[in-house]
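Reviewing the structure listed below.
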Amino acid sequence: MALTGPEVAHRAQSVRVAGRDVLVYSAANADEVMDRAIERNEPAPYGAVVWSSAWALAYRLEGFAGPGPIVDVGAGCGLFSLAAAACGHEVIALDICPVSRALLRAAAADQGLVVDVREFDITGDAPLPPGQLYTFADVLYEQAMVGPVGRRIAEAVMNGTVWVAEPDRTFRALFDDDLRARGLATAPTRVAVPHGDDAGTVLVYTWERA
Ligand SMILES: C[S@@+](CC[C@H](N)C(=O)[O-])C[C@H]1O[C@@H](n2cnc3c(N)ncnc32)[C@H](O)[C@@H]1O
């Protein structure tokens, strides 16, 4: 198979998710991509590896009738986006990080999956693209993201269903406060994720279209 991979050294990992075998590309050396991002003054490439939150949302794909679009916000290297595309859904993957976008584009191209990968800033003014389902997997790892993610959830819920996966990090209490202030408080469900370097329990929040 001809690799159309990104210029960062990457490793290919075949994962079985939502009843499909999916190829995911992640950075071979997380330190190397971090150094490169610092040199280039680019966003930190935390999405260059797969996180348990992406798995937690991918488990739910079998219960999603589709057809989409599914808008994966902060998609990273795209385990969830790739699994959703493999299930036949239309997928728009948004991320601020060029390394993550390159890894996702390459993995999609090399296995003939269609994922519309776009540069997008959650903290910016551009509106979210129209979607049936919006997903946010592990985007609350900095305190500064709590307010912008809450704002995006409020925006997304006007258009479609929203799933948020959060591995119960430090800022979850602030996130819950932010949701309450927006009238969006909801109780998450706990999902055990036995995959990935950060395997453990992930909290999944769901909102149906307003
Ligand atoms: C911890 S990673 C999670 C990636 C993927 N969703 C997963 O669960 O494997 C967080 C992702 O959010 C992206 N991100 C961070 N800040 C962002 C912003 N302001 N706008 C869009 N994406 C952002 C990062 O580039 C990264 O890909």
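Only the coordinates and a few stated rules stand behind these numbers; no lab work does. Owing to the predicted nature of the structure, the values given are computational and were not obtained by experimental measurement. As a convention, Cβ positions derive from the backbone with ideal geometry for all residues, glycine included, and neighbour counts pool all protein chains shown.
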message: more than 9 Å from the ligand (Cβ to nearest atom), over 20 Å from Gly68 (Cα atoms) and surrounded by 16 or more Cβ atoms within 10 Å (Cβ to Cβ): is that true of Ala106 in this structure?
response: yes
statement: Selection from the stretch 35-59 of residues assigned to a helix (DSSP H, G or I), out of contact with any Pro (no Cβ under 8 Å at 6 or more places or on another chain) and not basic (Lys, Arg) yields Asp35, Ile38, Glu39, Tyr46, Gly47, Ala48, Ala54, Trp55, Ala56, Leu57, Ala58, Tyr59
task: Those residues that are among the β-branched types (Val, Ile, Thr) and more than 24 Å from Asp168 (Cα to Cα), I need them from the stretch 20-56; list them, please.
output: Val22, Val24, Val33, Ile38
task: Could you please find all residues in the stretch 18-59 being among the β-branched types (Val, Ile, Thr) and within 12 Å of the ligand (Cβ to nearest atom)?
output: Val24, Val33, Val49, Val50
query: Listed residues Glu62, Glu7; which is assigned to a helix (DSSP H, G or I), more than 8 Å from the ligand (Cβ to nearest atom) and among the acidic types (Asp, Glu)?
result: Glu62
query: Taking the stretch 111-127 as the region of interest, how many residues are more than 11 Å from the ligand (Cβ to nearest atom) and out of contact with any Gly (no Cβ under 7 Å at 6 or more places or on another chain)?
result: 8
- request: Under 7 Å between Cβ atoms, at least 6 apart or on separate chains: pull out the pairs that start in the stretch 109-135 with a residue that is under 13 Å from Leu94 (Cβ atoms) and end on any residue that is acidic (Asp, Glu) and within 13 Å of the ligand (Cβ to nearest atom).
  value: Phe120/Asp95; Thr135/Asp72
Of all residues in the stretch 136-146 being free of Cβ contacts under 8 Å to residues at least 60 places away in the same chain and of a type outside the set (A, V, I, L, M, F, W, C), the one that is farthest from the ligand (Cβ to nearest atom): Gln143
statement: Of the residues in the stretch 65-89, those that are touching a strand residue (DSSP E or B) at 6+ places or on another chain (Cβ under 7 Å), away from the ligand (no atom under 13 Å from the Cβ) and not aliphatic (A, V, I, L, M) number 4
